[in-house]
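To keep things clear, I will list the structure first and then write my remarks on it.
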């Protein structure tokens, strides 16, 4: 028996700096560090050049970690029977949680938490509060629509 999908979404962390923007940022930081490091080197303060190089390397490493973390994702699928929360970590590890739809409760505040019986899952930890609220409202609306089914009656038909 196929279950009807009432809600489905894929969540990913937002990254405001594109790879092209990152390239330009590194170029600008490298140029600024060269403008400081070269005169210091010529004046005999050569250790400053090394620290400027460390500055660029640290910035590069931090952005590399940030982009690696962006590979994280969550997929939510609400069917007649269950809510399936599938998580993929930055390393590619997959984790699946299945919560019975009949007992599903949604709590939104600082965190978006879904519970079913004694199972509890936090959703969208990486989302901004406004995005988390939007997901919570969509999930609540889909759950309410699923729990209030419409039946086709004879008086709903057009014509005799």
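The values are calculated or read from the model by the stated rules, or taken from the named source; none is laboratory data. What you see is a predicted model, and the numbers here were worked out from it, not measured in a lab. Cβ sites come from the backbone with ideal geometry, for glycine too, and all protein chains shown count toward neighbours.
Run down 43, 104, 58 and say which single residue is without any contact (Cβ under 8 Å) to a residue 40 or more places away in the chain and in contact with a helix residue (DSSP H, G or I) (Cβ under 8 Å, 6 or more places away or on another chain). From the options 43, 104, 58, the qualifying one is 104.
What about residue 20, is it modelled with pLDDT of 90 or more, closer than 26 Å to residue 71 by Cβ and touching a helix residue (DSSP H, G or I) at 6+ places or on another chain (Cβ under 6 Å)? When the stated conditions are applied, residue 20 does not pass them.
Please go through the stretch 26-52 and give me each residue that is assigned to a helix (DSSP H, G or I) and either assigned by TED's automatic domain parsing to the domain that holds residue 126 or loosely packed, with under 14 Cβ neighbours inside 10 Å (or both), ordered by number. Within the stretch 26-52, 27, 28, 31, 32, 35, 38, 39, 42, 47, 50, 51 meet the criteria. Against the numbered list (1) in contact (Cβ under 8 Å) with a residue 12 or more places away in the chain; (2) part of a helix (DSSP H, G or I), residue 130 comes up short only at (1).
Out of 114, 121, one residue alone is under 19 Å from residue 7 (Cβ atoms), touching a helix residue (DSSP H, G or I) at 6+ places or on another chain (Cβ under 8 Å), touching a residue at least 24 places away in the same chain (Cβ under 8 Å) and not in a helix (DSSP H, G or I). It is 114. Could you go through the stretch 87-102 and let me know if any residue there is in a helix (DSSP H, G or I) and under 30 Å from residue 29 (Cβ atoms). Taking every residue of the stretch 87-102 in turn, none turns out to be in a helix (DSSP H, G or I) and under 30 Å from residue 29 (Cβ atoms).
From the list 82, 91, 86, the one residue that fits, being surrounded by fewer than 16 Cβ atoms within 10 Å (Cβ to Cβ) and under 30 Å from residue 3 (Cβ atoms), is 86.
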